[in-house]
Amino acid sequence: MNLTLGREDIVRLCERIEGAQTRARAIPKLTDEYPGMTIGDGYAVQMALRQRFLAAGHTQVGWKAGLTSKAKMVQMGVNVPSIGFLTDRMARPENSAISTADLVHPRVECEVAFVMKKALQGPGCTRQDVLDATDYVLPAVEIIDSRFSGFKFDLPSVVADNGSSARFVGGGRARYVTDINLETLGVVMEKNGELVAMAASAAVLGHPADAIAMLVNILAELGEGLPAGSFVMSGGITEAIAVKPGDNVIARFQELGSVSMRFVE
Ligand code: OOG
Ligand code: MG
């Protein structure tokens, strides 16, 4: 990956992102100050953030693919998928009350999550490699939180901000990939009893397992593999919907059951 930032700038930006994430403060997009920043620079900041969280005792549980559906790419104004890391501190139980006091602009999106039984290593990882290495899939809702003010961002800034990762909820009914057709799963999202988004899982790069293969291939570029046991989200199927305290959200997935949560102050 093409790097233009020096070590000092990477550490500076990492601290800025960490501050925005932990204090729930909006910051200007990083490219305002570093207009030449590349996607590779964004990943260098993200990897520095991951090291900081691991050093502080967070446990990584997996990874996520992002910007893998047309709806998300249009919503975010970008055209290349991205990846981010997921930790134990981001996980929330199904049906729980999720605080918004420690988030900037929370939004929810429906995703298919994969749990891996075998490790995968790119480059050259394919859909079939992913399906063979998958233990089971389950429905998930990701609560993303772009830390950039006025929703002004670009891909290098979003990648540095760990793909807006904030919280996630897994639930529903776990299934083996051989028992369902992952390409044609319908998904609807309801907020306070009203339908707010609907789509089919094929929205994710044509097949959610293709998004996981892409993630494994990006990981290889970063010098990483995907360990067995990882929890991996394949990317928002629908666009992301804003939530505020008092909102109840339920995501209903064909074949995979539903995942619900509510938002509080
Ligand atoms: C970037 C988050 C991307 C997805 O599933 O597409 C992502 C954003 O929308 O702020 O998690
Ligand atoms: Mg997502």
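Each Lys and Arg Cβ is given +1 and each Asp and Glu Cβ -1; about its Cα centre, the chain then shows a dipole of about 360 debye.
Please report how far the C-alpha centroid of segment 45-96 lies from that of segment 26-41, rounded to the nearest whole angstrom. Centre-to-centre (Cα) distance: 18 Å. In the chain, helices alone account for a calculated mean residue ellipticity at 222 nm of -8000 deg cm²/dmol, with every DSSP H run of four or more residues adding -39,500 (n - 2.57). Of all lysines in the structure, the ones whose alpha carbon falls short of 17 Å from that of Lys117, not counting any fewer than 8 places away in one chain, are Lys64.
Solvent-accessible area assigned to carbon and sulfur over segment 58-194 amounts to 50 percent, based on a 1.4 Å probe. When the chain is described by a simple charge dipole with +1 on each Lys and Arg Cβ and -1 on each Asp and Glu Cβ, the residue from Ala24, Leu182, Leu49 located farthest towards its positive end is Ala24. Using the 1.4 Å probe convention, the accessible area of segment 106-154 works out to 34 Å² per residue with neighbouring protein chains retained. Distance between the C-alpha centres of segment 98-159 and segment 206-250: 2 Å, rounded to the whole angstrom. How large is the dipole of segment 63-149 about the Cα centre if only Lys and Arg carry +1 and Asp and Glu carry -1, each at its Cβ, rounded to the nearest 20 debye? The calculation lands at about 200 debye. So which lysines pass the test for Lys152, namely a Cα distance under 21 Å, with those fewer than 8 places away in the same chain ruled out? Result set, ordered by chain and number: Lys29, Lys70, Lys72, Lys244.
The values are calculated or read from the model by the stated rules, or taken from the named source; none is laboratory data. Everything numeric here is computed off the predicted structure, so don't read it as measured data. Cβ coordinates were reconstructed from backbone atoms using ideal geometry, including for glycine residues, and neighbour counts include every protein chain displayed. Heads up: the accessible areas ignore ligands, DNA and RNA and are worked out on the full protein's heavy atoms, side chains in. Shrake-Rupley method; radii C 1.70, N 1.55, O 1.52, S 1.80 Å.
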